[in-house]
Amino acid sequence: MTASASDQPLIPQPPSTVAALRQAVAQIAPAALPAFTRELDQAADQARLGSDLGPLRRFIAHWAVFVQIQRLPRLASRFRELEAQVAAGDADEVRAAAAQLGRILDEAREAVSGTGGE
């Protein structure tokens, strides 16, 4: 049995660098580029003001997870469905959807940190 096109990554997971993530976002989710740029500017300002690279590390970690999810069309679609359920569901639906979102995010974090066993 062959995998459908929606099961295949649109692009390989890029290295966790600002330049590589920017290129990946531009390729697979161009509508997110303004947010990427705005958040990068904020992280850079915070890092400069605090003389701490933590904000830039958090920025890179966040966007690496974003790319990990968005590069997989079926997973990205499911993620958006769950986000909509959280925004508009009743309490039980919100809890269930939030738990599923958490699992997706945890798996994406594992994958980009290299501990996902892939």
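The values are calculated or read from the model by the stated rules, or taken from the named source; none is laboratory data. Because the structure is predicted, anything quoted here is derived from the model rather than measured. Methodologically, a virtual Cβ is constructed for each residue, glycine included, from the backbone with ideal geometry; neighbour enumeration extends over all protein chains shown.
Here are a few things to note about the model shown:
- Hey, Gly102 at pLDDT below 95, out of contact with any strand residue (DSSP E or B) (no Cβ under 6 Å at 6 or more places or on another chain) and either part of a helix (DSSP H, G or I) or surrounded by 11 or more Cβ atoms within 10 Å (Cβ to Cβ) (or both) or not: no
- Scan the range 74-118 for residues that are among the aliphatic types (A, V, I, L, M), farther than 26 Å from Ile60 by Cβ and touching a residue at least 12 places away in the same chain (Cβ under 8 Å) and the total you get is 1.
- Tally of residues being in contact with a Pro (Cβ under 7 Å, 6 or more places away or on another chain) and basic (Lys, Arg) across the range 53-102: 1
- Pairs meeting the criteria (first residue in the range 7-26 and over 15 Å from Pro73 (Cβ atoms), second residue among the aromatic types (Phe, Trp, Tyr), beta carbons under 6 Å, at least 6 apart or on different chains) are Leu21/Trp63; Val25/Phe36.
- If you go through the range 49-87 and keep only what is over 11 Å from the mean Cα position of the chain (by Cα) and in a loop (DSSP other than H, G, I, E, B), you end up with Ser51, Asp52, Leu53.
- Verdict on Ala61 being touching a residue at least 12 places away in the same chain (Cβ under 8 Å) and under 23 Å from Gly114 (Cα atoms): yes
- One residue from Pro34, Pro14 being within 17 Å of His62 (Cβ to Cβ) and in a helix (DSSP H, G or I): Pro34
- Complete set of residues in the range 77-93 that are over 19 Å from Gln8 (Cβ atoms) and exposed (fewer than 15 other Cβ atoms within 10 Å of the Cβ): Glu81, Glu83, Ala84, Ala87, Ala88, Asp90, Ala91, Asp92, Glu93
- Some residue of the range 49-71 being assigned by TED's automatic domain parsing to the domain that holds Ile104 and among the hydroxyl-bearing types (Ser, Thr, Tyr): no
- Single residue of Ala97, Ala88 found to be modelled with pLDDT of 95 or more and either β-branched (Val, Ile, Thr) or not assigned by TED's automatic domain parsing to the domain that holds Ala26 (or both): Ala97
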